[in-house]
Amino acid sequence: MARRLPPLNALRAFEAAARLGNFTRAAEELCVTQGAVSRHVATLEGWLRLPLFERARHGIRLTAAGQAYFDTARAALDQIDYGTRQLQAGPDERRLRIKLPPTFAIRWLVPRLARFHALHPRIDVQITTSHERADFAREEVDVSIHSEPTPPAGPGLRRLFGETLVPVCAPGLLANGPALTRPADLAHHVLLCSMNRPKDWPTWLAAAGAPQIDGNGGLKFENAALAYQAAADQLGVMVALDAFVREDLAAGRLVAPFALRIPTMGAYYLAWRDQQPLPERVRAFDEWIAEEAQAMERA
């Protein structure tokens, strides 16, 4: 069945005028005269047999039908624009290079990455893990993710989510080990933590009213991902970040023996190098990861 498509030049003129709110600015963007834009819009209205704009002395305003049609037209033209850019992009323009801490990659990003690939199959993702912050002036990195107590300085920046501490352990540890009914009972358990986060246990213990317990004792690991695995293997109790254990808690792979959750001053931020215009691969990843973080916060 043949597609029922309007005159495409008229559609472009309408979308530009609706987006910019002005026939003159639409004409400048399309490199035509204002009269040409006006004629294109009139042609489209005649083809649709519907008024798309209300014309007044002080400008134009979309009708209800015009607003609905603009939403559809803009989404369609955005998709065509994105597909065209992706088709014309060379291998380097399609490669998204991400630098981030190993635990964030393992516990949060990688389990969600299939959704990004499904939306943007032509973007090749290259992941490098490190606890060191990215140096955009020296490293071949497009975006970085890192935990910071305050927003880091940079040309491009987005806050993803904050940090909330919660002790977790394997269900078997509760069933077979010493009781864990109050924070003081942690004195009878092995405390697990990352060497990169030495303040987490002392922060939670102080808030829980158990500062007498040595938060720097127990088993320490090079990165928190190993500590999470040790907790799953019943080696002890891990002071976790809530964002990294939500799925494990929901599935019952880990349990939180205490309801107390303590927010820290830190948060995870996405940063990118100073590039104008922002590459499509970076813009796509920024929009996607922001939606993923917001969905997690809502849940």
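Quick notes on this one:
- Selection of the stretch 29-53 for residues being in a helix (DSSP H, G or I) and touching a Leu at 6+ places or on another chain (Cβ under 9 Å) yields 29, 36, 37, 40, 41, 44, 45.
- Total residues in the stretch 253-283 satisfying the condition of being free of Cβ contacts under 8 Å to residues at least 24 places away in the same chain and either closer than 23 Å to residue 294 by Cβ or part of a strand (DSSP E or B) (or both): the figure is 1.
- Test: residue in the stretch 224-240 that is among the hydroxyl-bearing types (Ser, Thr, Tyr) and either touching a strand residue (DSSP E or B) at 6+ places or on another chain (Cβ under 8 Å) or at pLDDT 95 or above (or both): yes
- Any hit, the stretch 199-210, residues being in the same structural domain as residue 138 (by TED's automatic domain parsing), surrounded by fewer than 14 Cβ atoms within 10 Å (Cβ to Cβ) and of a type in the set (Asp, Glu): no
- The numbered conditions (1) surrounded by fewer than 16 Cβ atoms within 10 Å (Cβ to Cβ); (2) more than 27 Å from the chain's Cα centre (by Cα); (3) at pLDDT 90 or above are all true for residue 217 except (3).
- If you filter the stretch 54-79 down to residues that are without any contact (Cβ under 8 Å) to a residue 12 or more places away in the chain and part of a strand (DSSP E or B), you find that the one that is nearest to the chain's Cα centre (by Cα) is 61.
- Selected residue [touching a Gly at 6+ places or on another chain (Cβ under 9 Å) and either hydrophobic (A, V, I, L, M, F, W, C) or part of a loop (DSSP other than H, G, I, E, B) (or both)] from 250, 231, 187, 206: 206
- Meets criteria (surrounded by 15 or more Cβ atoms within 10 Å (Cβ to Cβ), in contact with a Lys or Arg (Cβ under 7 Å, 6 or more places away or on another chain) and aliphatic (A, V, I, L, M)) for residue 96: yes
- Which listed residue is exposed (fewer than 15 other Cβ atoms within 10 Å of the Cβ), in contact with a strand residue (DSSP E or B) (Cβ under 8 Å, 6 or more places away or on another chain) and on the phi < 0 side of the Ramachandran plot, from 151, 178: 151
- Scanning the stretch 131-146 for residues that are in contact with a Leu (Cβ under 9 Å, 6 or more places away or on another chain) and either in a strand (DSSP E or B) or exposed (fewer than 15 other Cβ atoms within 10 Å of the Cβ) (or both) yields a count of 4.
- Selection status of residue 212, part of a loop (DSSP other than H, G, I, E, B), polar (S, T, N, Q) and over 19 Å from residue 163 (Cα atoms): yes
- Residues of the stretch 33-85 that are among the hydroxyl-bearing types (Ser, Thr, Tyr) and surrounded by 14 or more Cβ atoms within 10 Å (Cβ to Cβ): 38, 43, 63, 69, 82.
- Within the stretch 217-244, considering residues that are of a type in the set (A, V, I, L, M) and in contact with a Lys or Arg (Cβ under 7 Å, 6 or more places away or on another chain), the one nearest to residue 109 (Cα to Cα): 225
- The single residue among 96, 113 that is in contact with a helix residue (DSSP H, G or I) (Cβ under 8 Å, 6 or more places away or on another chain), of a type in the set (A, V, I, L, M) and modelled with pLDDT of 90 or more turns out to be 96.
- The lone exception for residue 163 - which of (1) of a type in the set (Asp, Glu); (2) over 16 Å from residue 268 (Cβ atoms); (3) outside any loop (DSSP other than H, G, I, E, B) it fails: (2)
The values are calculated or read from the model by the stated rules, or taken from the named source; none is laboratory data. Given the structure is predicted, the values throughout are model-derived calculations rather than measurements. When we count neighbours, we look across all protein chains shown, and the Cβ atoms used for this are built from the backbone with ideal geometry, even at glycine.
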